[in-house]
Each structure stands twice: as structure tokens, then as C-alpha cells.
1. For the range 1-35, which positions are hydrophobic (A, V, I, L, M, F, W, C) and within 17 Å of the chain's Cα centre (by Cα)?
2. Could you list, in sequence order, all residues of the range 16-33 that are more than 30 Å from GLU185 (Cα to Cα) and in contact with a Leu (Cβ under 9 Å, 6 or more places away or on another chain)?
3. Which of the residues spanning the range 124-143 are among the basic types (Lys, Arg) and either touching a residue at least 60 places away in the same chain (Cβ under 8 Å) or surrounded by 21 or more Cβ atoms within 10 Å (Cβ to Cβ) (or both)?
4. From the residues in the range 14-40 that are of a type outside the set (Gly, Ala, Ser) and in contact (Cβ under 8 Å) with a residue 60 or more places away in the chain, which one is farthest from ARG206 (Cα to Cα)?
5. Among the residues of the range 35-59, count how many are assigned to a loop (DSSP other than H, G, I, E, B), among the hydrophobic types (A, V, I, L, M, F, W, C) and surrounded by fewer than 20 Cβ atoms within 10 Å (Cβ to Cβ).
6. Please identify the pairs in which a residue from the range 87-101 that is without any contact (Cβ under 8 Å) to a residue 24 or more places away in the chain has its Cβ atom under 8 Å from the Cβ atom of a residue that is part of a strand (DSSP E or B), counting only partners at least 6 apart or on another chain.
7. May I ask you to list the residues in the range 104-121 that are surrounded by 13 or more Cβ atoms within 10 Å (Cβ to Cβ) and of a type in the set (Asp, Glu)?
8. From the set of residues in the range 83-103 that are in contact with a helix residue (DSSP H, G or I) (Cβ under 8 Å, 6 or more places away or on another chain) and not hydrophobic (A, V, I, L, M, F, W, C), which is surrounded by the most Cβ atoms within 10 Å (Cβ to Cβ)?
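The values are calculated or read from the model by the stated rules, or taken from the named source; none is laboratory data. Keep in mind the model is a prediction, meaning the values are calculated, not measured. Quick reminder, even Gly has a Cβ in these numbers, built from the backbone with ideal geometry, and neighbours come from all protein chains shown.
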Amino acid sequence: MKQRLIDISQPLTNDMAVWPGDTPFNFKLSFTKEQTGSVNIGQITTSAHTGTHIDAPYHFDEQGKKVHELDINIYVGPARVVDVTGCEMVGREELEHIDLEGIERLLLKTSGGRDLNRFPEKFTVFRENIGLFLKEKGIRLLGTDGPSVDAVDSKTMDAHHSLNDNGVYILENIVLNEVEPDDYELIALPLSIKGADGSPVRAVLRQL
């Protein structure tokens, strides 16, 4: 019997919340079957950081890798879901008592769920020490159910840089409210967009 996949991606809808000031997601039919005589043809307009997505280092570092330069193996493999709900910030202090040995991908549940059609007024962000701590644990990917690892008004992007400086890649806006803390296989492949600073992903978990 095949194991069930758990979808942890935000649905892409025309009324979904996006980062304040960013390009809204929009899907429409450019041509209908009636017009073409054979097929419907859809058109998508979106930011590279809409919904569930990965950040390429180029997003916050002019010299950083772009999406097409990333090792896709980072985004597929064993992952551990950990519940840190209630923490306003997460770093070494909040994670050092949790068993993180032997994993390369850490997915953090920081809330009990949110309205995906409204951008959150407040969400869990990450401390500047997060990158070095995760590197010490051998973790190469950090996923969060928040829209960013840094606050909305951050200009220094301390958590982004901390993670990047320590070889930890970023997955944001995953949906974990129905997922129990446990070990899973993660599949969250970015699109191969040449020159891009990020990419939407269809992220799924498979129970190990």
C-alpha cells in the first residue's frame, strides 16, 4: 500500500494574502476553448515569493546563488516537524533542548494555523544565532509556517543572512496546522527559473 502524501502547500488563489506591497497572485484564462476552438489557455501573474516558496540567497545577497544554481537535493529527503507554537522568536535558546540529531531538514510549526487570505499582523521570527546553531546540528534546510524568517519591517534581514552564512536554505509559508510533530520525507522542489531570487513550490510530506 502506497503511503499517503500530505500537502503542506498554500493553495494559489486570487484572494490569497501576499507580502504587503508585493505582486498579488492572479490566474485567468487568456484564451477560452470557445476562442481557440480546441483548448483553454491560462495565464499566471505572481511574485516569486507568493504562498509556499523557497528563498534563493540572491533574494537578499547580490552575490548569492539564484534559483537555477541551487542543489535540488536540499529540498528532498528526511525532515523533522517540531512544534514551537507560542514562541515570538526562535533561535538557539528555544531549540537547544529539542532532539535535532541526525536530521538535515527542520520544519517548524509556529502557530495553530492562520487565515491564508489575510497577511498576519504578527508571526514568529528567528534570532540572529539561528544559522550557526543549525549548522552545528548538521541542518541544511529550515522551513517555517510563517511568511518570513525575519520581521516585515526588517531591513538588515539578520536571520536570512545568518542562515545563508551557515549553509542553511529557507522554505517559507508551509502549512503545518494539521501535521503532527514527527519525522517525514519532504519533497519541496523549486521551479527551475533562471536568474530568480525565489520560487513557489508544491511542498508535500510522506510519513517515514
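1. ILE6, ILE8, LEU12, MET16, ALA17, VAL18, TRP19, PHE25
2. PHE27
3. ARG140 - this is the single residue of the range 124-143 that is among the basic types (Lys, Arg) and either touching a residue at least 60 places away in the same chain (Cβ under 8 Å) or surrounded by 21 or more Cβ atoms within 10 Å (Cβ to Cβ) (or both).
4. PRO20
5. Residues in the range 35-59 being assigned to a loop (DSSP other than H, G, I, E, B), among the hydrophobic types (A, V, I, L, M, F, W, C) and surrounded by fewer than 20 Cβ atoms within 10 Å (Cβ to Cβ): 1 in total.
6. Every condition considered, the pairs that remain are ILE98/VAL82.
7. Hit for the range 104-121 is GLU104, nothing else.
8. The selected residue is GLY91.
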